[in-house]
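Everything below concerns the one structure shown next.
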Amino acid sequence: MRNWIFGLVAAPLLASASIVVAKPLSPELKAQMAANLARGNLLYEYDQAAWHTTDAMMIAIPDTLKTLLRGYVITPDGNDFRATYYGGEPEREIIIYAAT
C-alpha cells in the first residue's frame with residue numbers, strides 16, 4: 001500500500017521535473033567565482049593567523065595581562081600576517097601581544 005501511495009505523490013512531481021542542460025559559464029560569472037575564491041582563501045589565512053597566534057599568546061603572557069585583552073587586528077606583513085592583540089581602556093589601548 002505504501003508503494004502505491006508513494007507513486008501517487010511522486011508521479012506528478014517527476015512528470016513536472018525539467019531537464020537542466022549544462023552551458024558554459026559567462027566571463028562575468030567566472031570572474032565573480034575567482035573573486036569569491038580569492039576572498040575565501042584570504043579569510044582562511046586571516047583565521048589561521050588569529051588561531052595560531054591566540055594559542056601562542058595564551059601561553060606567553062601572564063594571567064594579569066589576559067584580563068586586559070579587548071580584541072585583535074590581523075594585518076598583512078610581507079608574505080605572512082601579523083596579529084596584534086590589544087587591551088586597556090577605550091582611546092588608551094595598549095598592545096599586549098603581537099606575532100607574525
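Here's the yes/no breakdown for (1) part of a helix (DSSP H, G or I); (2) of a type in the set (Asp, Glu); (3) in contact with a helix residue (DSSP H, G or I) (Cβ under 9 Å, 6 or more places away or on another chain); (4) surrounded by fewer than 10 Cβ atoms within 10 Å (Cβ to Cβ):
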site: Val20; (1), (2), (3), (4): no, no, no, yes
site: Leu25; (1), (2), (3), (4): no, no, yes, no
site: Ala49; (1), (2), (3), (4): yes, no, no, no
site: Thr53; (1), (2), (3), (4): yes, no, no, no
site: Ile74; (1), (2), (3), (4): no, no, yes, no
> Which pairs have Cβ atoms under 8 Å, sit 6 or more apart or on different chains, and link a residue in the stretch 57-77 that is more than 19 Å from Glu89 (Cβ to Cβ) to one that is open to solvent by 60 Å² or more (accessible area, probe 1.4 Å)?
Replying inline: Ile74/Tyr46; Ile74/Arg82; Thr75/Arg82; Pro76/Arg82; Asp77/Thr100
>> Against the condition of a type outside the set (Phe, Trp, Tyr) and surrounded by 14 or more Cβ atoms within 10 Å (Cβ to Cβ), how does Ala60 come out, does it pass?
In response: no
> Which residues, taken from the stretch 76-95, are touching a Phe, Trp or Tyr at 6+ places or on another chain (Cβ under 7 Å) and either surrounded by fewer than 12 Cβ atoms within 10 Å (Cβ to Cβ) or more than 29 Å from Asn41 (Cβ to Cβ) (or both)?
Replying inline: Glu93, Ile94, Ile95
> Which condition number in (1) open to solvent by 60 Å² or more (accessible area, probe 1.4 Å); (2) part of a helix (DSSP H, G or I); (3) under 19 Å from Ile96 (Cα atoms) is the one that Leu65 fails?
Replying inline: (1)
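The values are calculated or read from the model by the stated rules, or taken from the named source; none is laboratory data. Everything quoted here is computed from the prediction, not taken from an experiment. Counting neighbours? That spans all protein chains shown, and the Cβs are built from the backbone with ideal geometry, glycine included. We work out accessible area using only protein heavy atoms, side chains counted, and drop any ligands, DNA or RNA first. Shrake-Rupley method; radii C 1.70, N 1.55, O 1.52, S 1.80 Å.
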